[in-house]
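Asks: Right, I'll just put the structure down here and ask away after.
The values are calculated or read from the model by the stated rules, or taken from the named source; none is laboratory data. Note that the structure is a prediction, hence the values are computed from the model and not measured. When we count neighbours, we look across all protein chains shown, and the Cβ atoms used for this are built from the backbone with ideal geometry, even at glycine.
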Ligand SMILES: [Zn+2]
């Protein structure tokens with residue numbers, strides 16, 4: 001990178017950092033004003049440059065319309081029309097696919113200015129997402145200004161040059177998947193202030209422990225299951241991060257973070273674990289709250305509508321059936337009222353941390369992963385907390401996974417903590433009690449498997465609840481999930 005380019009990137013990053021410092025009570029109108037300006041700019045830009053959006057926005061007054069007046073966008077629609085969706089008319093899906101099929105291109109900007117990634121396809125077909133450099137810098141700035149304690153140390157000053165923040169990310173090996181993108185394109189200008197190490201859940205655990213002990217990070221971000229994995233090592237005395245005294249914060253992403261798991265992580269390491277909710281289509285959607293388990297919506301950068309199955313808004317405190325996402329800062333691939341099957345609940349009360357940005361209280365699993373049972377010929381959702389409440393009693397438990405394998409048939413996989421033992425009978429009796437308290441003990445067939453470890457799937461993630469059988473035949477309103485779920 002040339003000196004001029006580096007200087008302009010640094011200037012853009014520090015200006016955005018400054019602008020993204022969380023709003024105080026006097027600034028909230030300004031935040032809403034910015035959101036409004038960015039929405040109008042996005043609509044005008046999309047209508048002018050993208051043939052797909054021009055068709056869809058035709059006949060709508062883009063200066064005065066409400067967001068509800070705009071058409072919703074499904075992933076399959078976006079992917080079927082991708083070349084026409086782009087506002088840079090030189091972008092072609094086939095060129096993008098060819099570029100990301102070559103791992104030598106990791107971290108390289110396509111055409112010198114676009115960051116590329118694909119989603120995992122856990123919701124059906126994978127989506128391709130193109131972001132421009134400005135969008136990438138905005139995502140970083142939001143994370144550093146609002147997302148974690150590293151922020152106050154990041155602002156370039158001489159002390160940080162001498163003693164940079166040390167960040168570890170534990171996901172899978174680098175690739176074009178979303179959570180990797182954030183780090184593939186880590187701004188070079190931030191390097192003097194933040195030392196970054198990447199680790200993979202597929203690396204041998206001895207190697208991960210060694211590297212962490214040597215590096216003594218201030219901040220660790222990773223899949224919930226990879227943080228749980230570290231808890232076991234810390235508890236067994238092989239990992240010594242608490243002893244090192246440097247660790248300030250952990251962040252869980254891409255997987256549910258049940259309260260019991262968060263507490264275990266916090267007890268092991270003595271630091272708060274934040275929970276962030278974002279996706280490839282909007283990496284700067286929210287930042288984990290440093291006080292509670294929720295995540296603050298960056299409402300100046302994105303609009304998140306929590307709606308029922310018919311796209312009608314649901315009140316705060318009530319889980320929706322899906323969300324409609326509008327990304328206000330990535331103009332190359334306009335994402336406007338884009339449907340995502342997450343069951344999100346916004347908090348009805350202000351957050352104790354003092355941040356005035358709306359609080360995403362919880363994110364439940366996708367509708368298709370919802371567990372269900374059939375009673376008297378009628379299906380109903382089976383919230384995972386029925387199992388979690390039971391498993392909370394088992395203090396020797398390290399990890400679990402609940403699979404639905406048929407109608408009313410479930411498999412519980414359980415792994416013990418190092419040096420501890422689990423008993424199938426005891427687990428069965430805990431689950432039985434919990435099911436009985438819901439009046440469904442006679443309906444559920446449960447098989448229990450004791451395993452060494454719950455292995456991640458090929459994406460490096462562990463689903464704590466998985467429906468292998470399929471959705472309920474009469475797919476009614478999903479029940480509130482009390483596990484938090486995040487995507488990356
Ligand atoms: Zn908060």
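Asks: Out of the residues in segment 275-284 that are over 15 Å from residue 345 (Cβ atoms) and in a loop (DSSP other than H, G, I, E, B), state the one that is nearest to the ligand (Cβ to nearest atom).
Replies: Start the filter on segment 275-284 by keeping residues that are over 15 Å from residue 345 (Cβ atoms), which leaves 276, 278-284.
From what's left, in a loop (DSSP other than H, G, I, E, B): 276, 280-281, 283-284.
On the way: 276: 12, 280: 25, 281: 24, 283: 20, 284: 17 Å.
Per the criteria, the residue is 276.
Asks: Restricting attention to segment 285-325, which residues are outside any strand (DSSP E or B) and over 25 Å from residue 352 (Cα atoms)? Please lay out each step first, then the result.
Replies: The initial filter retains those residues of segment 285-325 that are outside any strand (DSSP E or B), namely 285, 289-294, 298-301, 308-312, 314-321.
Those that are outside any strand (DSSP E or B) and over 25 Å from residue 352 (Cα atoms): 308, 309, 310, 311, 312, 321.
Asks: Return the pair list, or none, for Cβ contacts closer than 9 Å from residues in segment 245-271 that are without any contact (Cβ under 8 Å) to a residue 12 or more places away in the chain and on the phi > 0 side of the Ramachandran plot to residues that are assigned to a loop (DSSP other than H, G, I, E, B) and surrounded by fewer than 21 Cβ atoms within 10 Å (Cβ to Cβ), at least 6 apart or on different chains.
Replies: So the pair list comes out as 245/216.
Asks: Hey, another quick one. Residue under question is residue 332, and the condition is that it be assigned by TED's automatic domain parsing to the domain that holds residue 248, at pLDDT 95 or above, farther than 28 Å from residue 137 by Cα and away from the ligand (no atom under 16 Å from the Cβ); does it hold?
Replies: Values: assigned by TED's automatic domain parsing to the domain that holds residue 248: yes; at pLDDT 95 or above: yes; farther than 28 Å from residue 137 by Cα: no; away from the ligand (no atom under 16 Å from the Cβ): yes.
Answer is no for this residue.
Asks: If you check 364, 377, 406, which single one turns out to be within 26 Å of residue 317 (Cβ to Cβ) and away from the ligand (no atom under 16 Å from the Cβ)? Before you say what the answer is, go through the steps one by one.
Replies: Working: 377 fails: within 26 Å of residue 317 (Cβ to Cβ); 406 fails: within 26 Å of residue 317 (Cβ to Cβ).
From the options 364, 377, 406, the qualifying one is 364.
Asks: Related question: Which one is farthest from residue 138 (Cα to Cα), of the residues in segment 249-274 that are in a loop (DSSP other than H, G, I, E, B) and at pLDDT 90 or above? Step through it out loud before you land on a result.
Replies: Applying the first criterion (in a loop (DSSP other than H, G, I, E, B)) to segment 249-274 yields 254-258, 270-271.
Cutting the leftovers down to at pLDDT 90 or above gives us 270-271.
On the way: 270: 31, 271: 27 Å.
Across segment 249-274, the extreme among qualifying residues is 270.
Asks: Does segment 22-34 contain at least one residue that is under 25 Å from the mean Cα position of the chain (by Cα), within 30 Å of residue 84 (Cα to Cα) and part of a helix (DSSP H, G or I)?
Replies: Yes: one or more hits.
Asks: Here are the criteria: (1) closer than 23 Å to residue 182 by Cβ; (2) in contact (Cβ under 8 Å) with a residue 60 or more places away in the chain. Tell me which single one residue 74 does not satisfy.
Replies: Failing condition for residue 74: (1).
Asks: Next up: Is it the case that some residue within segment 300-310 is at pLDDT below 95, within 16 Å of the ligand (Cβ to nearest atom) and farther than 30 Å from residue 132 by Cβ?
Replies: Scanning segment 300-310, I find no residue that is at pLDDT below 95, within 16 Å of the ligand (Cβ to nearest atom) and farther than 30 Å from residue 132 by Cβ, so the answer is no.
Asks: Being surrounded by fewer than 21 Cβ atoms within 10 Å (Cβ to Cβ) and touching a strand residue (DSSP E or B) at 6+ places or on another chain (Cβ under 9 Å) is the filter here, so list the residues in segment 209-229 that pass it.
Replies: At the first step, the residues of segment 209-229 found to be surrounded by fewer than 21 Cβ atoms within 10 Å (Cβ to Cβ) are 209-211, 213-216.
Correct list: 211, 215, 216.
Asks: Take residue 288 and decide whether it is within 27 Å of residue 136 (Cβ to Cβ) and either more than 16 Å from the ligand (Cβ to nearest atom) or within 16 Å of the chain's Cα centre (by Cα) (or both). Spell out the reasoning first.
Replies: Values: within 27 Å of residue 136 (Cβ to Cβ): yes; either more than 16 Å from the ligand (Cβ to nearest atom) or within 16 Å of the chain's Cα centre (by Cα) (or both): yes.
Considered against the rule, which asks whether it is within 27 Å of residue 136 (Cβ to Cβ) and either more than 16 Å from the ligand (Cβ to nearest atom) or within 16 Å of the chain's Cα centre (by Cα) (or both), residue 288 comes out as yes.
Asks: Working carefully through the options 232, 238, 242, find the one that is assigned to a helix (DSSP H, G or I), farther than 29 Å from residue 3 by Cβ and at pLDDT 90 or above. Talk me through it step by step, then tell me what you get.
Replies: Numbers: 232 fails: at pLDDT 90 or above; 238 fails: assigned to a helix (DSSP H, G or I).
Result of the check over 232, 238, 242: 242.
Asks: Just the residues that are out of contact with any helix residue (DSSP H, G or I) (no Cβ under 7 Å at 6 or more places or on another chain), surrounded by 21 or more Cβ atoms within 10 Å (Cβ to Cβ) and part of a strand (DSSP E or B), please, taken from segment 378-411.
Replies: 404, 410
Asks: Under the condition of being assigned to a helix (DSSP H, G or I) and touching a helix residue (DSSP H, G or I) at 6+ places or on another chain (Cβ under 9 Å), which residue from segment 173-190 is nearest to residue 105 (Cα to Cα)? Walk me through how you get there before you give the answer.
Replies: The first filter runs over segment 173-190 and keeps only residues assigned to a helix (DSSP H, G or I), leaving 178-184, 188-190.
Those still in the list that are touching a helix residue (DSSP H, G or I) at 6+ places or on another chain (Cβ under 9 Å) too: 181-182, 188-190.
Working: 181: 12, 182: 15, 188: 17, 189: 20, 190: 21 Å.
It comes out as 181.
Asks: Quick check on segment 146-160. Is at least one of its residues modelled with pLDDT under 85, buried (at least 20 other Cβ atoms within 10 Å of the Cβ) and not in a helix (DSSP H, G or I)?
Replies: yes
Asks: What residue, among those in segment 392-405 that are touching a residue at least 40 places away in the same chain (Cβ under 8 Å) and touching a strand residue (DSSP E or B) at 6+ places or on another chain (Cβ under 8 Å), is farthest from residue 253 (Cα to Cα)?
Replies: To start, the set of residues in segment 392-405 that are touching a residue at least 40 places away in the same chain (Cβ under 8 Å) comprises 392, 398-405.
Among the residues that remain, those that are also touching a strand residue (DSSP E or B) at 6+ places or on another chain (Cβ under 8 Å) are: 398-405.
Details: 398: 19, 399: 17, 400: 18, 401: 18, 402: 20, 403: 21, 404: 24, 405: 26 Å.
Checking each candidate, the answer is 405.
Asks: Pairs, please: C-beta under 9 Å, at least 6 apart or cross-chain, first residue outside the structural domain of residue 266 (by TED's automatic domain parsing) and farther than 28 Å from residue 266 by Cβ and in segment 292-303, second outside any loop (DSSP other than H, G, I, E, B) and within 14 Å of the ligand (Cβ to nearest atom)?
Replies: none
Asks: Please count how many residues of segment 1-17 are without any contact (Cβ under 8 Å) to a residue 60 or more places away in the chain and in a helix (DSSP H, G or I). Show your work before the answer.
Replies: Filtering segment 1-17 for residues without any contact (Cβ under 8 Å) to a residue 60 or more places away in the chain gives 2-5, 7-8, 11, 15.
Restricting the remaining residues to those that are in a helix (DSSP H, G or I) gives 3-5, 7-8, 11, 15.
Summing the residues that are without any contact (Cβ under 8 Å) to a residue 60 or more places away in the chain and in a helix (DSSP H, G or I) in segment 1-17 gives 7.
Asks: Within segment 335-352, count every residue that is part of a loop (DSSP other than H, G, I, E, B) and within 16 Å of the ligand (Cβ to nearest atom). Steps first, answer last, please.
Replies: Step one: list which residues in segment 335-352 are part of a loop (DSSP other than H, G, I, E, B), which gives 335-337, 341-342, 347-352.
Now restrict to residues that are within 16 Å of the ligand (Cβ to nearest atom): 347-352.
Qualifying residue count for the region: 6.
Asks: For segment 353-377, which positions are modelled with pLDDT of 80 or more, out of contact with any strand residue (DSSP E or B) (no Cβ under 6 Å at 6 or more places or on another chain) and in a loop (DSSP other than H, G, I, E, B)?
Replies: 353, 354, 356, 376, 377
Asks: Next up: Which count do you get for residues in segment 76-97 that are out of contact with any helix residue (DSSP H, G or I) (no Cβ under 7 Å at 6 or more places or on another chain), surrounded by 15 or more Cβ atoms within 10 Å (Cβ to Cβ) and part of a helix (DSSP H, G or I)?
Replies: 3
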